[in-house]
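What follows is one structure encoded as C-alpha cells, with my remarks underneath.
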Amino acid sequence: MNTIYKKNLYYSILSMIIVWIAFILLTFRLCTTAQAFINKNSLQTAPYKGLDNYSFIIKHGLGANHGYYVYTTEGNGLSAKVVSLRQMGESHIADFLGDKVIQVRLLDNFDRSRDKITVKYNNAAFYAGMNLDVQMRISWLNVYPDSSFFPKSSRWIDISQDCSNGIFYNGITSGTVSYTFFKAGTNEKVNLSQPGDPTYLSFNSLNGMTNNLIPQSLDGGITGEWVNYENNNGNITGYVSENTGIGRYWSPEENSYVIGGLPNTPFDDYLGGPDFFTHSVNYLATTEPGHVFRFGAGYGSAWFTLSGITIKNPGTPPHEDITPPQKSVDKPIIHKQNEVINYQLKIHLQRRKNYWYYHYIKDPKTGLVNDVSRYEQYTNDHFDLTDNLPKEVTLLKASATGRLAKGLKVEGNTIKVHLNKEQMNGEAEDDVINVSCIVNKLPKPAENGWSDNNPKSSGWYTFYNKAHQNEVIYDAGGDSDSNNVPVKIKRYHGIIYHYDFDHNNKGDFDFLEHIQNNKDLTYHKNFDGDNGLIQKNNVYGYENDDVNINILQDGRDKNNNRFRYCYGDQSKEVVHFNKYNSPDYDDTNQEFNQDFYVPYIVPKAHFQDTMFKIDTDKASNKLPFQLDLRAESFLYRQFSEYQGAVANINIKYNDPSSPNNGKLLYSTKKPIIDMMLEKQHGLKYTQIKGNLDTSNLTGIKEGQKVPVRITITGTNPNLIEQDYKDKDSFGFIATEHIVEGFNKGNTPTKKDNDQWHKDVNSYTAPERTIAYYGVDKVRILNERLDVSQKREATAKTGYGMKGDISLKYIGNIQTEKYRKDGTNINYVFPKDFAAKNTTIDYSKDTQKHSFENNNMMADRLDVKTADYKDKLPDLDNLKDFSSLEKEKISKITAAVPKNYNDEKKSGFEAKYSFFDRNSEYDSGNITLASSKDPLAKNKNDDSMAKRKAGSRFYTPLWLKLGKYDVYFSKAQNSSTNKERLGGNWLNINENRPVDFYAHMYLAKDTDDTNYTKTHEQDDELALQPIVSGQKARSAKFANYDKGQLPEGLSAAEKAKMKAWLQGN
C-alpha cells in the first residue's frame, strides 16, 4: 500500500528486529487470548480450482468518463468537492484513482457518529444479466491523532469517480463502508448470491506493515491494512490465495480480530500487478441487499478497492467425468401392434458456469493500468444428444425437464437436444427426456412369412434403441452412447384349417352359439385332421394381431353341394393371435404357433320315409297309399337356404323281372322349406296321400303283389344336401274273393276233401302293408271274413224257413264302414218259391243266379250286428319280426302324430233272419209285417184279419218236393265303395241247397192271433211222403235200416209206423 509521501527507508536493521519481535508477541497474544474476544471473519485458502463469479463484475472505466455518479454528505463536519489530483501534485494517487476525484475533508467539528458520505454510481456493476447501480456509504470514521504524521489538516478521503478504482484515505485509522446494489435506474434493491448464482466480493490491496511505516504505527508496527465483512454478524469466511500475504490477527484499536496484510509482505501495489491477489481477500456475498465492511490501517493511510475479480488458481474449473445417458422403456415386451411405449433418457448435467479471464490494460506511455477487460473461457462447451427412434415406431410426443427443455427439438422420428454454453449453465442436475411413441411400423409378413428372418416364421421379434450424446464441458468430454434398449413382441405362425363341420355326419347346431360376438375360431369341434379338410392356409402376424383371412366362397363337397361358412356370408374373417399372454412363457415353438379352424357346412334336409302304407284295392281303383315323411332341418345357418329346394317324390313299380318295372305309379313335388320347422333340428311330419296308378300295369291280376320303390330326388338351386334313401315296399291288388259254399247245381264240387263238411267258410287276405324306416321287412295287416251256415237244410212247404247264416269280420282300417254298408245279404231262391197270387213284390236276382235255367228271385235278409265278442285273432305278421325291428316300429309309431296311426284292429258279428211276415186268417196269404223290409212295397188290405207269421220265408203249400238251389249272397256286389266289404272287396255267394221233404200248412181257423213257437206244432198239418231207407240221408229222420219216419210222431205212432215199414 502506498502512503501519501514516498519515503526512503530510514530505519535500520534494529527497527526490523523490533517489528518482528512485536509481531511474535502479537501472535503469542492471539494464541492465548483469542477465545476471550468476538471471533469475526475467518480465513481459508481458496479451493484448488479457484473461485469465480457466475455473473457479477464491477465495471471499469465508466465513472468520471461518463459522469455516472452522484455524491452527498451528511452532517456539517465534512466538506466535499471534485478536484484534480495531478494539479494538486498527487499524481501517484491519480495513478490509482484517476485524476478527478471526490475529495472529502474532515473538518475540525467532525463527528464520527454523525457525518457520513454517500456516492451512487450508475450502471457501475453487472449481475445476472442486468445492470446495477452501486451505492457506497462511508461512516463511523476514526481519525488518526493530531501529530506530525497527520495533522488535522491532513484528514481526507479521495473517492474515485470510477467505482472499480476504490478510495484513498489519509489521517484515518478505520471506518465503515457499505455497498448497496440497485437495479439500474430504479430503487429496487438487488440481492447478490441468488440461488445457483454465488457472488464473491473481492476486497483488494491489503498491504502489511513495513519497516518504514513503523514510526507512524499506532500499535508499534503490528496492524497493517485490514478489513472485516460485517454481514451475518461477521461470521464469514474470507478466501485467500495459496501464497497469500494476508493473515488474521488482533487489532488493538478495533479490539477484534481483523483480516489484514502481514508484516513485510511487499507487493506490486497497482491494479493488475503480478502479486495483486496475494493481498486480496474474497468473501461470498450474503443474500442481504447491503454489504458492510469495516476497514482500516494501523498507520493511518491506505488505498483499497472492491471488485468482482476473484482469486484464480491453476487448472480447469471443477467438473465430473462425462456420464453416458441411461435409457429405459416402460414396456420391454409389448403384446400388440399400435401399442404405445414410453422411452425415458436419464441425463446428468454437470454444474457449469461461465468463466472469464480478466485482462488489465496498461497505458503504453505510463505503464500503469488504466482499464480492465475480460474475455470468456471455455466458449466451445456444448451438449448435444441425438436419439434416432427405431423404424418400427412413430413418435407421438417428447418432453424434457430442466435445462434439457431449452434445447429439445423433434425432427420426424429423431429427438435432438442442443445446449450451448449458456444453456448448459446451472447447478448439477439429473434431467430426463420422456418420449412417447406408437409401435405402428412393424415389418409386414408376406404369404410365406417375414423376409427379415428376425424370425422368418415365428418367435420373438426384437428392435433396439439407443441415444448418442456429445458433451464438452470446460473443454473436456466427448462422445458416449446410452445402453441399447430392446423391445420385443411375439411373431405368430397360424394354420387356417377350412374343414367340414359335418364330416361323417357329426355336425350339429353347436356352431350357432359362435355366430355372434363370442365367435371363436380356435373352436374346432368335429375337426378330424385331414379327414374332412377342405383347404389349409398359412397366416402370419404379431401377438394380438387381427389378421384377415379369405373365406371360401365356392367350396364343394363330393356331391358338388356348396359349402357355407358356418358363421356368415362374409368373404373375409378375422383371426386373432393371442394364444399365450404371459411374458414369462417359455420360448418354445408352441408358444408362437396358433391354429385356427374355419368350419363349413352344407345345409342339409334330412328325410325319412317314416311309414309307407299301401292299402289293398282294385287295380282299376288305384291303390291308396299314405306316405308319412319326417323331414328335419338337419343343419343350416339361415332357414332361407332351403328356399327354392323341392323334394321330387316318385313311386315306381319295382320288379326287374317284370315288364312293368320302372313304371311311374305316383309323382308329386313338395317345397322342402314347407316340410320342416324353422328351428334347430326343426323336425316336422308331412303326410302325403294318394293312389298308386296301377291302371297302366299289364298282366295284373286280382290278389297280385305290387312291388314299389319310393325315390326322393331334389331340385337343388342352392346346392344344399338332401339326405334321403330309397325305400322298397309292396302292396296288393284286391282279391275280390267270393266266399262260396257249394258251387251252383245240386251236385257240389269240393275244393278240398273237407269243404263238404265245413259249416264255417273263412277267408284271410292282406288289407294293408306298412314299410317302416330302418326296418327291412314289410308289415302286413290282414283282414278275415268268416261265414257260418250249416251245410245241410231240409224244409216243409208252407211252413216257413228260418234264416241261420251269420258272419264275422276282423279288419284294421274301415271296419265300422263295412259293418254299416257292406253286410246286406239277399236270400236268392227259385221263382217257384213265390206263390203266383202273392202280394210280395220280390226283386230279381241281380247276380243272375239260375235254377233249372231260370233266373231266380231275391229277398233281403234282416241283419243285426254286434261287436266281436271273442278275442280278436292275430292277423298281423309282426310276430315274424325281430325284437330290434319291433322296437324300431314301436318308436316310430309313438313319434308320428297320433292321427297318422289310423289302424285299429276290430271286428263285428252279423246275424241274419228273414223279415217278419203276417198271415191272413181267411186266405192264408203271407204279407209283409215290417216297414223296414226293403220289399215293403205292397199295399195290404187292413180290413183283413191277420196274425203274425214270424221271421220266416214261406214257400207255396203245394211246392213240388225235392232239392232246390238257394243262395245267400251280398245284396249288392262289392262293386262300388258304398257296398264294399273289406279291402279286398269281398263277396258272399253261399250256396246251400234246401230239401223240401213234406207239405205243411197252418190251420186258417186257429184262435191264436199271436203266432208263437209254442203253438207251431199245434196248428201243423204235415203231408209227407215216406221214403225208403236207402234214400235216407238227412239228419232230420230217424235212421232205420229199411226206411225213415217223419218227425213229430209220438212214440206209439213211431212204433206202429216202424212196424209197418218193416212189414210186420
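The values are calculated or read from the model by the stated rules, or taken from the named source; none is laboratory data. Values in this document were obtained by computation on a predicted structure and should not be read as measured data. Methodologically, a virtual Cβ is constructed for each residue, glycine included, from the backbone with ideal geometry; neighbour enumeration extends over all protein chains shown.
If I ask for residues that are loosely packed, with under 13 Cβ neighbours inside 10 Å and touching a strand residue (DSSP E or B) at 6+ places or on another chain (Cβ under 8 Å), which ones from segment 550-573 would you list?
ASP554, ASN559, SER571, LYS572
From the residues in segment 458-511 that are assigned to a strand (DSSP E or B) and without any contact (Cβ under 8 Å) to a residue 60 or more places away in the chain, which one is surrounded by the fewest Cβ atoms within 10 Å (Cβ to Cβ)?
So the first thing to find is which residues in segment 458-511 are assigned to a strand (DSSP E or B), and the list is 459-465, 468-473, 476-481, 485-500.
If we keep only those that are without any contact (Cβ under 8 Å) to a residue 60 or more places away in the chain as well, we get 462, 479.
Details: THR462: 14, ASP479: 11.
Filtering first and then ranking leaves ASP479.
It is to be established whether one or more residues within segment 320-343 are at pLDDT below 80 and of a type outside the set (Phe, Trp, Tyr).
Looking for residues that are at pLDDT below 80 and of a type outside the set (Phe, Trp, Tyr), one finds at least one in segment 320-343, hence yes.
Looking for whichever is over 22 Å from ASN718 (Cα atoms), in contact (Cβ under 8 Å) with a residue 40 or more places away in the chain, buried (at least 18 other Cβ atoms within 10 Å of the Cβ) and not hydrophobic (A, V, I, L, M, F, W, C) here; the options are LYS652, LYS622. Which one fits?
It is LYS652.
Residues of segment 512-534 being surrounded by 14 or more Cβ atoms within 10 Å (Cβ to Cβ) and farther than 30 Å from ILE334 by Cα, which ones? If you could, list the steps in order and put the result at the bottom.
To start, the set of residues in segment 512-534 that are surrounded by 14 or more Cβ atoms within 10 Å (Cβ to Cβ) comprises 514, 519, 521, 523-524, 526-527, 532-534.
Listed by number, the residues that qualify are ASN526, PHE527, GLY532, LEU533, ILE534.
Out of LYS391, LYS397, LYS406, which single residue is outside any loop (DSSP other than H, G, I, E, B) and exposed (fewer than 13 other Cβ atoms within 10 Å of the Cβ)? I'd like the intermediate steps shown before the answer.
Working: LYS391 fails: outside any loop (DSSP other than H, G, I, E, B); LYS406 fails: exposed (fewer than 13 other Cβ atoms within 10 Å of the Cβ).
Every option except LYS397 fails the conditions.
Name the residues in segment 770-824 that are farther than 16 Å from GLU979 by Cα and of a type in the set (Ser, Thr, Tyr), would you?
TYR772, TYR773, SER788, THR794, THR797, TYR799, SER806
Could you please give the count of residues in segment 280-299 that are of a type outside the set (A, V, I, L, M, F, W, C) and over 16 Å from TRP226 (Cα atoms)?
Residues that pass the stated criteria total 6.
Taking segment 910-940 as the search range and keeping residues that are in contact with a Phe, Trp or Tyr (Cβ under 6 Å, 6 or more places away or on another chain) and modelled with pLDDT of 80 or more, which one is farthest from PRO873 (Cα to Cα)?
Here the answer is ILE926.
Quick one: in segment 850-869, which of the residues that are modelled with pLDDT of 90 or more and assigned to a loop (DSSP other than H, G, I, E, B) is surrounded by the fewest Cβ atoms within 10 Å (Cβ to Cβ)?
Among those residues, the one meeting the criterion is LYS869.
Which of (1) over 18 Å from ARG564 (Cβ atoms); (2) over 21 Å from the mean Cα position of the chain (by Cα); (3) not in a strand (DSSP E or B) does LYS536 not meet, given it meets every other one?
All conditions pass for LYS536, except number (3).
Take segment 941-968 and flag every residue that is of a type in the set (S, T, N, Q) and either modelled with pLDDT of 85 or more or in contact with a Phe, Trp or Tyr (Cβ under 7 Å, 6 or more places away or on another chain) (or both).
SER951, THR955
Quick check: is even one residue across segment 48-59 in the same structural domain as SER202 (by TED's automatic domain parsing), at pLDDT below 90, closer than 25 Å to ASP99 by Cα and out of contact with any Phe, Trp or Tyr (no Cβ under 6 Å at 6 or more places or on another chain)? Even if it seems obvious, please write down each step before you answer.
Keep residues of segment 48-59 that are in the same structural domain as SER202 (by TED's automatic domain parsing), which gives 48-59.
From what's left, at pLDDT below 90: 48-59.
After this cut, where a residue has to be closer than 25 Å to ASP99 by Cα as well, the list is 57-59.
Narrowing further to those that are out of contact with any Phe, Trp or Tyr (no Cβ under 6 Å at 6 or more places or on another chain): 58-59.
Looking through segment 48-59, at least one residue is in the same structural domain as SER202 (by TED's automatic domain parsing), at pLDDT below 90, closer than 25 Å to ASP99 by Cα and out of contact with any Phe, Trp or Tyr (no Cβ under 6 Å at 6 or more places or on another chain).
Can you tell me how many residues in segment 135-174 are part of a strand (DSSP E or B) and at positive phi?
Residues flagged as part of a strand (DSSP E or B) and at positive phi within segment 135-174 amount to 1.
List pairs: first residue in segment 900-918 and farther than 18 Å from ILE805 by Cβ and assigned by TED's automatic domain parsing to the domain that holds ASN824, second residue surrounded by fewer than 17 Cβ atoms within 10 Å (Cβ to Cβ) and β-branched (Val, Ile, Thr) anywhere in the structure, Cβ distance under 7 angstrom, at least six positions apart or on different chains.
Every condition considered, the pairs that remain are ASN901/THR893.
Given (1) within 55 Å of the chain's Cα centre (by Cα); (2) of a type outside the set (Asp, Glu); (3) buried (at least 18 other Cβ atoms within 10 Å of the Cβ), identify the lone condition not met by PHE915.
Here PHE915 clears every test but (1).
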